[in-house]
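A quick write-up on the structure given underneath.
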Amino acid sequence: MRIIFLLFTFYFSLFIKVEAQSEKWQQAVKYTMVIDVDTFSNKIKGSQQLIYQNNSSDKLDRVFYHLYWNAFQPNSSMDVRSRELGKQLINGRQDWDGRVRDRILHLKENEIGYQKIISLKINGVAQPFKYHETIVEVNLTQAILPKTAVEIDMEFEAQIPLQVRRSGRDNPQTGVRYSMSQWYPKICEYDNEGWHPTPYVAREFYGVWGDYDVTINIDKSYKLGGTGVLINAADIGWGYDKPNTALKYCLTSKRTWHFKGERIHDFVWAADPDYKHLVRNVANGPVLHVIYNELPGNAYNDTAWTKVANAAVKVLPFMEKNFGKYTYPQYSFIQGGDGGMEYPMATLISGPSVGTVFHEWMHSWYQMMLATNESMYAWMDEGFTSFAEDLVSKFYNNASSIQEYKDALKTDPNNSRLKDLLASLPEDHAGSYASYFSLVKSGLEEPMSTHADHYNNNFSYSVDAYSKGEIFMEQLGYIIGASTRDKVLLDYYKVWKFKHPNAQDFINIAEKRSGIKLDWYKEYWTQTTKTIDYSIDSLWEENGVSKIRLKRIGQMPMPIDLQLTFKDGSTEMHNIPLNLMFGNKSQEDLSAKTIVDEEWRWTHPTFTISFNKKLSELLKAEIDPSKRMADVQRSNNSIELKW
């Protein structure tokens, strides 16, 4: 046993050093997998050695694994959940994922997916295990003690499902043969909240940091892209060894592809005989791979995918400057899957949409290097990623996201509904504000703290995770100042990368950087569906002093920026802090006259400000002229005076 302990100590010396530097302990893993793919039966056989380090102070009597592909069987939880949601009509449409619908119900025996464990041993001793559809529970014959490691050896087999959601084979839309995500038995995360054996019903993921060593044996005609670095590039060729090389000749019927990835929490790969491969080497940065399948008559051609490669090179410096250093040695944009889905060091995208490329790559920051529990904090991954995507797109296109609404109005100038919407949207992140306002009007909104799988409808989940999460970050800039918010993002990256932060961890960083209390903001915005609505209530003069009374109509309190515009062309910005903040933001526009008023107590529905000019000098008063505050009724935010 002493020899085994020393071996495990060697394997995990790097992980233990990382843990010693973190305020939160984390488990650690080291996967070594060898799989054999039968491209005729669409089945795989594999062996997995997992070194599992229990860095907690808890004794573990059982462990859990994900078997994601078991979801792709008729009457599975994913199947039934999709069909049940499809019974709801939202905006005249069935509320199911259009990619899933009722397709799983109609899969034939050779089209379903499954993953089966043939044998499982810990330190050489066979372990009993029990299937719970997409979760396997292993009740250990001997507990894993705190601060120790074990070796878990597994033999498994699987059938690759017909493409339904994220992973699968033979997608007619892309022509890609194999999109291999969630393809192996993956140990569930154990953290200070305990085990997270989340069944695969629809959405998000959570995984253990570790190293992956993956060997794939597949028909020699296939070309692969995936997570990690290709170790045997010299044997493969095809641009992995040198630019523009062909796939090297192989004597055997199957070719071996050997990938390694470090400090990651998942592994994806894709394979197709007709793949093409573009490579870009970024100076002092990662190697970028673009792998795609150009079908005859396909609208996605070489030019479109070349644009993807060049766009990625162009935006990387902007991404690193604003969100932190990309730490991995490579990244691959691989055509596959059913839309866009992020994985460590790679993404599966169905087509060469530059916007999708930016979104999926930004997941490398918020899900691959920071990696919150997406099931509980989908908005911290999807929302923060969408926030970053909007800014990256603005940098790339040299245009704000509101431009598409302006362009739409040009083509339909008499659309009063579009005019009203445009008047309520900020320059940046316009689409997310529009989606959020639509959700509020629908009456279907649910708290963002809802578990990702447990939303009552897909519409509410989608807007909460993506749009309302994006607004969380932009609105934070309104509260503490945009430049301070930008520093918070870099602080967040530096402090919490590779440590699985939660919402409070982020708030702590923002409070430390800004000097402003923000617990109220997290509570109201993420844990309730209370809305923001402020209005200008009345104006008057009293003893030669001009006064404006503001009124809070909505249930969510906020600090207020009130801009006054006078006849002489001058402006005056009144910043009214919320008393719960115990501070106020620094002046954002140094060229404008800014007055910090007394704090507005959240219990009080009205607040009155004064200014030292005659009321007749006032032309306009406007609450939040930046429109960053997600006020659900902006028509009462301003008043224009015609004297």
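Nothing in this text is a laboratory measurement; each read-out follows from the coordinates by a stated rule. Nothing here was measured: the structure is a model prediction, and the numbers come from that model. Here the Cβ is made from the backbone with ideal geometry for all residues, glycine too, and neighbour counts use every protein chain on show.
Under a 5 Å amide H to amide H cut-off, with H placed in plane at 1.01 Å, what residues pair with HIS132 once short-range neighbours are removed?
Residues meeting the amide H criterion: GLU137.
Out of all DSSP beta bridges with both ends in the chain, state the antiparallel percent to the nearest 5.
So the antiparallel bridges in the chain amount to around 85 percent.
Calculate one ³J(HN,Hα) per residue across segment 382-393 by plugging θ = phi - 60° into the Karplus curve 6.51 cos²θ - 1.76 cosθ + 1.60, and present them in order as whole Hz with x for glycine and proline.
5, x, 5, 5, 5, 4, 5, 4, 4, 6, 5, 5
Could you work out how far apart the two model spin labels at GLU84 and GLU157 are, taking each label as a point 7 Å from the Cα in the direction of the beta carbon, and quote it in nm?
My value for the distance between the label points is 3.3 nm.
For LEU105 and SER442, FRET efficiency with R0 = 25 Å and r from the beta-carbon atoms, rounded to 0.05?
0.30
Which residues' amide hydrogens lie under 5 Å from the amide hydrogen of VAL176, considering only partners 5 or more residues apart or on another chain, with H built in the peptide plane?
ASN171
Counting Lys +1, Arg +1, Asp -1, Glu -1, what net charge surrounds SER610 among other residues with beta carbon under 14 Å of its beta carbon?
-2
In 10 Å bins starting at zero, report the fraction of Cα pairs in the chain per bin as a rounded %.
Result returned by the calculation: 3, 14, 24, 24, 17, 10, 5, 2, 0, 0.
LYS642 to LYS512: extension gain in nm, 0.36 nm per residue of separation minus the Cα-Cα distance?
That works out to 42.3 nm of additional length.
Students often forget the sequence filter, so: which aspartates and glutamates lie under 18 Å Cα-Cα from LYS567 once same-chain residues fewer than 8 apart are removed?
By straight Cα distance, LYS567 reaches GLU541, GLU617, GLU622, GLU640.
Between SER610 and GLN94, 0.36 nm times their residue separation minus their Cα-Cα distance comes to what?
180.5 nm
Can you compute 3J(HN,Hα) from phi for each residue in segment 192-199, using the Karplus curve 6.51 cos²θ - 1.76 cosθ + 1.60 with θ = phi - 60°, rounded to whole Hz and x for Gly and Pro?
In residue order, the calculated couplings are 5, 9, x, 6, 10, x, 6, x Hz.
Within 13 Å, Cβ to Cβ, of GLN127, how many net charges do the neighbouring residues add up to if Lys/Arg are +1 and Asp/Glu are -1?
Result for the neighbourhood of GLN127: -2.
Can you give the extra length, in nm with one decimal, that the chain gains between LYS620 and ASP58 once fully stretched, where that is 0.36 nm per residue apart less the Cα-Cα distance?
196.1 nm
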